[in-house]
């Protein structure tokens, strides 16, 4: 089930990348690259930083197929994507939760310090979007809008804390994912975002 | 001969980087960095992704000398570069063909899946230009203009297919390079580019 | 003493990143990421390029604490930061000198060619700022303003040359740092910058 959710999260990130690139009028190659980078960018950066190479997507083609499928699907139904935006948001949020857990767990496995493991969880979940925005010449959205990364940080810390108790890993997965997803849902529902340090005039 | 072409391709990419940076009014250090990054960026990203470190240009100084030479040469003749634009375009296209083959071949050597090997070929050939454009704060040109990456993809697939037949590697090199170069020449000659998914109004 | 200066340099870079991000109206998460990336970006890129993973800051938490401390401190005193700009500039310049030496020395230790070692020194010292500027969607400042990277290059070469003489490493550290710092101080004092290749009209 976890693997299935991981693939679903990857596809959701690919869909969000595809939509961004279409709006930027990229050609099909550009659309595919942005889709791919959004989906695997965070995990790739994580793998490169800890020396886990060749990076993950090179060793499990299912991710590549999932991304290609999601990209073609999105291109075909692009005019009706509005009707799907709720499911898209849901998958994206699920992806966020799953990717946070995967990154944090890899940090633990590699015997890295808990703080570093949390950082790896956040990098896995958010840097795909950061690289997408940089390639599209935008300021990364997560630096100035919405509770997004904060949800990952809370989730990663919860995951770490629960790992130290006598809880089966699957229950830990479920609890942590639900926390990330809930925070994000509440934040979007009530349009919450973190304050900045410059007063608006 | 292959090594010579590789160096020529590197120099062509360095020249194109130098010209871009001069136009952006970068200082000499900035010009050199952009030149360097354009020339080695694709291969460096490929090496980092598969864990082939220290990355190639750190282990063969000839690339570094070639880039320094090409950069100084371009700075000196910058006012007459228009007369050279045909040769520049030719070298750049040769570089594209060569870099595609090198990346794809490294993927095969590392026992990576053919799809991943094609991806490595395309990354080697195109990401130098992508990083150049990002450092210059532009949307990467290959995402929205001209048949460029598509030529690499066709070339990389041809190379892979021919590798499975009883063809000597040198003939494979020549055929594949010629295919990449021909597609690119035709595309530029007839101003072909891939369509985007948003209708122009 | 060297380690202390290294930490001070890291904090100075973190402060400069924090100030940049606050001015861009990033939220607290964005501010922290930019602070972190500015402080460790150069060393991280160096480590990834030579395959020294997990990258340094994952293995010495003191850097992480120093960055967190510097970021919070800067946020708290942000309205009075002008009074501190001289000390900030001094720390930043010290960081520049130290990071150049550390990068160059790592290159020597890994038996890389002197030219590559100089490149590693410059990458360590300057690419944190480059990545900061890219994430903030600006053209990297070091490509078009002030003698900055040039000071690193001179420092790295001096360090290499002195390493071949019968000089204790600590004296070499001091001399090299002082050279980088002096060049930078003179450049800023007299507003020196390298010329570009396009005539201003």
Quick count over region C:64-75, residues being more than 10 Å from chain A (Cβ to nearest Cβ) and either free of Cβ contacts under 8 Å to residues at least 40 places away in the same chain or under 26 Å from residue C:112 (Cα atoms) (or both), is 1
Give C:47, C:60 a once-over and let me know the one that is free of Cβ contacts under 8 Å to residues at least 24 places away in the same chain and crowded, with 24+ Cβ neighbours inside 10 Å.
C:47
Residue selected from region B:40-63 under the condition more than 10 Å from every other protein chain (Cβ to nearest Cβ) and within 17 Å of the chain's Cα centre (by Cα), by the criterion farthest from residue A:43 (Cα to Cα):
B:63
Working only within region A:27-36, note down all residues that are surrounded by fewer than 24 Cβ atoms within 10 Å (Cβ to Cβ) and either within 18 Å of residue B:118 (Cα to Cα) or more than 7 Å from every other protein chain (Cβ to nearest Cβ) (or both).
A:28, A:29, A:32
Residue check, residue A:103 against (1) at negative phi; (2) modelled with pLDDT of 90 or more; (3) more than 17 Å from the chain's Cα centre (by Cα), all met but one. Which one?
(3)
Mind listing whichever residues of region C:131-164 are crowded, with 23+ Cβ neighbours inside 10 Å and either over 17 Å from the mean Cα position of the chain (by Cα) or in contact (Cβ under 8 Å) with a residue 60 or more places away in the chain (or both)?
C:132, C:135
Looking only at region A:108-118, count every residue that is without any contact (Cβ under 8 Å) to a residue 40 or more places away in the chain and either buried (at least 19 other Cβ atoms within 10 Å of the Cβ) or closer than 20 Å to residue A:173 by Cβ (or both) and tell me the total.
2
Within region B:1-21, residues under 19 Å from residue C:194 (Cβ atoms) and surrounded by fewer than 21 Cβ atoms within 10 Å (Cβ to Cβ) come out as B:19
Could you run through region C:146-164 and say how many residues are outside any helix (DSSP H, G or I) and either at pLDDT 90 or above or within 12 Å of chain B (Cβ to nearest Cβ) (or both)?
3
If you go through region B:132-145 one residue at a time, do you hit one that is in contact with a helix residue (DSSP H, G or I) (Cβ under 7 Å, 6 or more places away or on another chain), more than 14 Å from chain A (Cβ to nearest Cβ) and assigned to a helix (DSSP H, G or I)?
no
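The values are calculated or read from the model by the stated rules, or taken from the named source; none is laboratory data. Because the structure is a prediction, the values reported are computed rather than measured. When we count neighbours, we look across all protein chains shown, and the Cβ atoms used for this are built from the backbone with ideal geometry, even at glycine.
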